[in-house]
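As structure tokens, the structure follows; a few thoughts come after it.
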Amino acid sequence: MSKKVMSKKGGKRSGDGDLEAALEVRGFGGEDEAESALRALLKGGDKETREIAQYELALLLHSLGRHKEGDELASALGFRYRLNDAIFEGKGGAACEGVDGMVRALDGAVPEPLLHQLQKVFAAESDFWDEHGYPTDSFFSYNQPLSPTIFPSSQAPAKKRKTEAGKEGETSSKASSHGEGAPAGGALMEQLGQVLLPLAEEFLKGKAGVESMEWWAHKRSGRGAGHQLHFDLDEVAVAEEGTYPHPLVSCVLYLQGCGGPTLVTDVRVGDEGTGGVAAKAKAFLCPPATGRLLLFSGDLMHGVCPCAAFDPAVPRTTLMIGLWPAGL
């Protein structure tokens, strides 16, 4: 199992401390105080800090149902499209289990003994987070081969991973501790991979076989614990080769049933243009539930919606997995 570590972000900007403080207050329920702090940042600091504060203020206002004010701020930044009011307000449409070959949510799919081991590995007090310096300034993930007869673990090719600057990071052989009684990371993830493969069959029809799984984890707390809409891509290949490799299947395993829902859209990598596609896009909301597994086609745009209700004592802990074909 190989680890890829990405390059660090740039230095701190003027006003970063005030911005971080405002977002922390917002994250744990201090909407009025956060609004005042963000509005103050619009009047000072460098241009980038002001724009970030304006964007975050727009999100805050949308989450409070003040959509007209949020739209005015976002439009001034050049945004033309956004999620609809119902998503910001945590309201979904008709319930369904998914759409064949596109998206599906399953409860109880991961055996309880395996789920409990994973919960122990990624528990809030686990060494994993401290050993990786989480939250990090850089993105990292692990690549777990699922075809040892083709690629022995000691010779498994490391997948190029994405960076903030589009540069490939350095490889590290560091392994994290996984708690007493739990298998080493490679063995545990191999078990998970063997569970996922049969469940992913509906997404793999007519596609190349899966050869490895990329995995990474997140632990987020508070109202603002969302994640930008994005595609799962090998961004090094995007920057250096002009290609857009993506997993065959993307998966989210919810280790704690709290926090904002995952939003999966029907916008795909390679869709031409953005305006018309964005205006007509449909989406699926998957609320977290302990042990729930979300699978979706690896070329779909997705993210995490900010959470309206939360328990500050329980972080939103998720394990993300990408199932990749050979050579990527």
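The values are calculated or read from the model by the stated rules, or taken from the named source; none is laboratory data. Not measured: the values here are computed from a predicted model. Positions of Cβ are generated from backbone atoms using ideal geometry, with glycine treated the same way; all protein chains shown enter the neighbour counts. Remember, those area values only see protein heavy atoms, side chains included, never the ligands or the DNA or RNA. Shrake-Rupley method; radii C 1.70, N 1.55, O 1.52, S 1.80 Å.
For segment 232-263, the set of residues classified as charged (D, E, K, R) and more than 21 Å from residue 211 (Cβ to Cβ) consists of 240 only. Elements of the type helices (runs of 4 or more DSSP H) sitting completely within segment 48-128 and holding at least 1 residues that are among the polar types (S, T, N, Q): these cover 67-76, 112-121. Within segment 237-263, restricting attention to residues that are assigned to a loop (DSSP other than H, G, I, E, B) and among the small types (Gly, Ala, Ser), the residue that is nearest to residue 311 (Cα to Cα) is 259.
Filter segment 303-327 down to residues that are under 25 Å from residue 146 (Cα atoms) and either among the small types (Gly, Ala, Ser) or under 13 Å from the mean Cα position of the chain (by Cα) (or both) and give me whichever is modelled with the lowest pLDDT.
Per the stated criteria, the residue is 327.
Would you mind telling me which numbered condition in (1) small (Gly, Ala, Ser); (2) at pLDDT below 50; (3) open to solvent by 20 Å² or more (accessible area, probe 1.4 Å) residue 169 fails? Just one mismatch for residue 169, condition (3). Look at segment 235-248: where a residue is free of Cβ contacts under 8 Å to residues at least 24 places away in the same chain and a partner is among the hydrophobic types (A, V, I, L, M, F, W, C), sitting 6+ places away or on another chain with Cβ atoms under 9 Å, you get 243/237. Exactly one residue among 222, 291 is in a loop (DSSP other than H, G, I, E, B), in contact with a helix residue (DSSP H, G or I) (Cβ under 8 Å, 6 or more places away or on another chain), open to solvent by less than 20 Å² (accessible area, probe 1.4 Å) and modelled with pLDDT of 90 or more, and that residue is 291. So, of the residues in segment 36-60 that are in contact with a helix residue (DSSP H, G or I) (Cβ under 7 Å, 6 or more places away or on another chain) and more than 14 Å from residue 23 (Cβ to Cβ), which turns out to be surrounded by the fewest Cβ atoms within 10 Å (Cβ to Cβ)? Going through the qualifying residues, I end up with 42. Taken over segment 92-106, residues that are over 13 Å from residue 263 (Cβ atoms), in contact with a Leu (Cβ under 9 Å, 6 or more places away or on another chain) and exposed (fewer than 13 other Cβ atoms within 10 Å of the Cβ) amount to 1.
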